[in-house]
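K.L.:
Mind having a look at this structure? Questions to follow.
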Amino acid sequence: HAADAHRTDLMTITRHVLNEQSKYPESRGDFSILLNHIVLGCKFVCSVVNKAGLAKIIGLAGETNVQGEEQKKLDVLSNEVFVKALVSSGRTCILVSEEDEEATFVEPSRRGRYCVVFDPLDGSSNIDCGVSIGTIFGIYMVKDDHEPTLDDVLQPGKNMLAAGYCMYGSSCTFVLSTGTGVNGFTLDPSLGEFILTHPNIKIPKKGKIYSVNEGNAKNWDGPTAKYVEKCKFPQDGSSSKSLRYIGSMVADVHRTLLYGGIFLYPADKKSPNGKLRVLYEVFPMSFLMEQAGGQAFTGKQRALDLVPAKIHERSPVFLGSYDEVEEIKALYAAEE
Ligand code: AHM
Ligand code: MG
């Protein structure tokens, strides 16, 4: 039927967030404005990532191209875009980016109440070969009108108001939680809008996929080694699990969220705190997992209960389907 060829009632991400915010009469729309600026940053990064191979934009930072302009590495460029988008929203006071050693304190005239922690372009080893990469972010709010300090972001992940990621993959996908479940949006490039395509995402309770860098196995601790051994050689009559590992956290976590299973970045003898960063990798992904009905564990505690002492602190993490994380927790409990 010709009339059915076009959906005319599209739930854009802006409309979705405005709907959610209207449940809170005290909300002044600040969150929607902030989110719009994050979405703008993601659209910009999506567009440069798509053109990267063509524009020869991938090069060493500081190299110059034929026009004599400075070429920037994609991760450096993405960081600049996000910092500018967030500051210009007028709604932020502290920014923590993986790319910047120090936190950015927004000048008082452009200051708002939100703190944003983010990794502007994660999965750097996959940039040059066109494999999926992504942006990860988490949002906190300062409590009162005091002068913002680092303590405002050195908060446990359970205090985040919202978290999400954008995956630059075969399509551009934005996954968001504002603390009332998880929703997924897909960029319609012809409209330039993210459309709600995956409402109320729930992770399957059990999963058949495990995702870990097995090249580190010789340095793993007992529980991680035992868990992975069980995935391959189950003793309880269940079938063995499949291994999938991209090496881009956003892509590995996105698959885990949709298909179920577990993603592990454990501690090992060489990196006793694992590799992933607490504030802008472990926390946002753990927040999304819990909101989708899964779990996230550090090997010692619920990941969202961690209180980071430094902005670039690392932590081991095991996240995914409820039952898989239960198994890991039992193996660590048995060690004690
Ligand atoms: P990056 O921030 O330097 O890109 O590193 C983070 C990435 C994650 O996306 C991914 O989960 C992990 O590093 C993969 O690490 P490894 O190559 O050690 O398996
Ligand atoms: Mg990273």
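Values in this text are rule-based calculations from the coordinates and carry no lab data. Because the structure is predicted, anything quoted here is derived from the model rather than measured. FYI the Cβ positions are ideal-geometry reconstructions off the backbone, even for glycines, and counts take in every protein chain you see.
K.L.:
When the chain is fully extended, how far beyond the present Cα-Cα distance does D323 get from D145, taking 0.36 nm per residue of separation?
P.N.:
Extra length available between D323 and D145 comes to 59.8 nm.
K.L.:
Compute the distance in nm between two label points, each set 7 Å from the Cα along the Cα-to-Cβ direction, one at K205 and one at A309.
P.N.:
Distance between the two pseudo-spin positions: 4.0 nm.
K.L.:
Here is a further query. How high is the FRET efficiency from F233 to S170, r the C-beta distance, R0 41 Å, rounded to 0.05? The partial results should precede the final answer.
P.N.:
On the way: r = 33 Å, r/R0 = 0.81.
After rounding to 0.05, the efficiency reads 0.80.
K.L.:
What does DSSP give for the chain in terms of the percent of beta bridges that are antiparallel, rounded to the nearest 5?
P.N.:
85 percent
K.L.:
For an R0 of 35 angstrom, estimate the FRET efficiency from the Cβ-Cβ distance between A334 and S125 and round to the nearest 0.05.
P.N.:
Step by step, r from the Cβ atoms, then E = 0.55.
K.L.:
Please go through segment 277-336 and write out the trypsin sites (Lys or Arg not before Pro) that DSSP classes as loop and that have at most 15 other C-beta atoms within 10 Å.
P.N.:
Those satisfying the criteria are K300, K310.
K.L.:
Got the relative contact order for the chain handy, in percent, Cα pairs under 8 Å and 6 or more residues apart?
P.N.:
Values: 669 pairs, mean separation 50.5, N = 336.
Once divided by the residue count of the chain, the mean separation gives 15 percent.
K.L.:
By how many nm would the segment from K300 to S109 grow when fully extended, if each residue of separation counts as 0.36 nm and the alpha-carbon distance is taken off?
P.N.:
Gain in length upon complete extension: 64.5 nm.
K.L.:
Between T8 and T180, what's the calculated FRET efficiency when r is the beta-carbon distance and R0 is 30 Å? Round to 0.05.
P.N.:
0.65
K.L.:
Mind checking which aspartates and glutamates have their Cα closer than 19 Å to the Cα of K73? Skip sequence neighbours fewer than 8 apart in that chain.
P.N.:
Within reach: E63, E98, E99, D100, E101, D119, D122, D128.
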